[in-house]
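Following: one structure in structure tokens, then a few remarks.
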Amino acid sequence: MRKYLLYALLLLLTASLSAQEVDTTTLNFKEYLGYVKKYHPIAKQAELNIDIGQANLMKARGGFDPKMEVDYDRKKFKGTEYYDLLNATFKIPTWYGVEFKGGFEQNDGDFLNPQNSVPDDGLFNAGVSIPVAQGLLINERMATLRKAKFFREQTKADRDLLINEILYDASLAYFDWLRAYNEKEIYDNFLDNARIRFEGIKKSASVGERAAIDTTEAKIAFQSRALSLEQAKVKLMKATLDLSNFLWLEGNIPVELQPNVIPDNTVEKDIDSTLEIQGNTLDSFTVENHPKLRSLAYKIEGLEVDRKLKANKLLPKIDLEYNFLTETPEVGNTFNTAEYKAGVSFRFPLFLRKERGDLKLAKFKVQDAQFERETAQLQIKNKVMAIYIELESFVSQNELISNIVSDYNTLLAAEERKFSFGESSLFLINSRERSLIDAKLKEIEVQNKFFAAKAKLFNSLALNPENL
């Protein structure tokens, strides 16, 4: 009996001792996501979209830049100068299609067209070109600039969506890594128990205090724990490599985690603050500011500009032009209405089939985007509500599984105590231990699903954390 009591005490002490200490480094969840957001190529690509939007806006504003045009033509053949034509123009486009112009014209030659005849010192002109129908209230330049502004704002919303997506995937990888690590630790600890139990029973059997068959059963339990541990190590290695996919350093240098780096087991208290989902209750949730909906709203605005432009194309194209002419532009009173160059141009397709077709297509695109936004709005709202319900359920599930693990621990401890008095068997101890292992694994699984649900809430709200 004394030997049994000493053996039971040895088992209890062994179960409470940790494995040989290893110098480890804990990778904090917030620190990890900070590296992802700052250095991951996809996160940088998201920021690059902002620059693309700014570049498009600059390009669109270029449509209103002043322009200088110079045309020079000359023909000389067999000693005869047929013509020598110089026409320089300076144009200033304005918002409503009106264009101010100034120019200089100097022409000469033996075969000069009479309409190109100007004084020897050239002729100056200053005037304006005005579209009075198509192109007055909206034109290509105006539409391009408006769409570029909407596109710039859309890229900001898309940037938030892209960063949120990569942080969401990175969070899931961290939680899977944490789960694999905890499973490995469980098998590691119970392997030590099985080894000590096997060695103790083998010694007892060698002196005739226990049946030899108990040694076989203890050996099977030990080998089973060793097999489970090896499988857990492989799973942990895969999870570690998956996590490494998200770790980069400055200069696009990928990082591979070292074996001594471990996850933070106290991550639960930091998840809400790191993902910035604390305080986001279901009652306070508003779908209007969601980046996905903002992106679609800016897309619709851009399509509306296209629709208005296509509708404007149904009007006739009537351009009026008037230019004052003078030989001495330095004298202000030489610009008068008696000397001028003016014109009007009129263009109008008879059937407008191309224009009407373009307008219909533009309207269909707007309607399609509106349907997409309405669908996305409903999907986001329902998804967020479902996740809140899921999170409430996981609070209860975590409490239940914690109680189950505690009860299995009590049963195992009681069985080991009975075993020390010779009132139980190794089979029952192994059975109780297997049930405890299964319960602990289930606890880790529920915890992992709970963390994943928090990450899904973060993803559904499309948050872009500012504190990382």
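Taking Lys and Arg as +1 and Asp and Glu as -1, the other residues whose beta-carbon sits under 14 Å from that of Ile253 total 0. Helix 2-16 axis versus longest C-alpha principal axis of the chain: approximately 10°, rounded to the nearest ten.
What pairs from Lys38/Lys238; Lys44/Lys233; Lys30/Lys149; Lys44/Lys456 go past 26 Å between their alpha carbons? Numbers along the way, then the final one.
Values: Lys38/Lys238 24 Å; Lys44/Lys233 33 Å; Lys30/Lys149 35 Å; Lys44/Lys456 23 Å.
Correct reply: Lys44/Lys233; Lys30/Lys149.
Here the accessible area of the chain is 55 percent carbon and sulfur, with a 1.4 angstrom probe and all protein chains present.
Counting only Cβ charges, +1 for Lys and Arg and -1 for Asp and Glu, the dipole size of the chain around its Cα centre is about 1380 debye. Other residues with beta-carbon under 15 Å from the beta-carbon of Arg307 carry, at +1 per Lys or Arg and -1 per Asp or Glu, a net charge of +3. The simple Förster model, with R0 at 56 Å and r as the Cβ-Cβ distance, assigns Lys269 and Phe64 a FRET efficiency of 0.55. Roughly how tilted is helix 426-461, in degrees to the nearest 10 and between 0 and 90, from the longest Cα axis of the chain? Tilt relative to the chain: about 20 degrees. The lysine pair tally for the stretch 265-396, using Cα distances under 17 Å and a gap of 8 or more places or different chains, is 21.
What whole-number value in Å² describes the accessible area per residue of the chain for a 1.4 Å probe?
Numbers: 26990 Å² over 468 residues.
It amounts to 58 Å² per residue over the chain.
Think of the chain as having a plus end and a minus end, set by charges on the Cβ of Lys, Arg, Asp and Glu; of His290, Leu249, Leu412, Leu412 sits farthest toward the positive end of this dipole. Fraction of C-alpha pairs exceeding 41 angstrom in the chain: 53 percent, rounded to a whole number. Farthest towards the positive end of the charge dipole of the stretch 337-427, among the residues Ser345, Val366, Ser402, is the Cα of Ser345, using unit charges on the Cβ of Lys, Arg, Asp and Glu.
Across the stretch 218-235, computed HN-Hα scalar couplings (Karplus, 6.51 cos²θ - 1.76 cosθ + 1.60, θ = phi - 60°) run 5, 5, 4, 4, 5, 5, 5, 5, 5, 5, 4, 5, 4, 5, 5, 5, 5, 4 Hz from first to last residue, x flagging Gly and Pro. At q = 0.24 Å⁻¹ the log10 of I(q)/I(0) for the stretch 386-435 amounts to -0.81, computed by Debye summation with a single uniform scatterer per C-alpha, solvent ignored.
May I ask for the Rg/Rh ratio of the stretch 18-155, computed from Cα atoms with Rh as the Kirkwood radius, given to two decimals? Let's see the in-between values first.
Details: Rg = 30.0 Å, Rh = 20.9 Å.
Dividing the radius of gyration by the Kirkwood radius yields 1.43.
Measure nothing fancy, just the Cα-based angle from helix 41-61's long axis to the longest principal axis of the chain, in degrees from 0 to 90, nearest 10. On a 0 to 90 degree scale, this one is about 10.
Per-residue ellipticity at 222 nm from helix content only, as computed over the chain with -39500 (n - 2.57) for each DSSP H run of at least four residues, stands at -22000 deg cm²/dmol. Using a cut-off of 17 Å between alpha-carbon atoms, which lysines can reach Lys203, once sequence neighbours fewer than 8 places away in the same chain are excluded? Candidates past the 8-residue exclusion: Lys3, Lys219.
Evaluating 6.51 cos²θ - 1.76 cosθ + 1.60 at θ = phi - 60° for every residue in the stretch 168-182, the Karplus couplings come out as 5, 4, 5, 5, 4, 5, 5, 5, 5, 5, 4, 5, 5, 5, 5 Hz, glycine and proline recorded as x.
The values are calculated or read from the model by the stated rules, or taken from the named source; none is laboratory data. What you are looking at is a predicted structure, and each value in this text was computed from that prediction instead of being measured. Neighbour counts are summed over all protein chains in view; Cβ atoms, including those assigned to glycine, are modelled from backbone coordinates with ideal geometry. All accessible areas refer to the heavy atoms of the entire protein, side chains included, with ligands and DNA or RNA removed. Shrake-Rupley method; radii C 1.70, N 1.55, O 1.52, S 1.80 Å.
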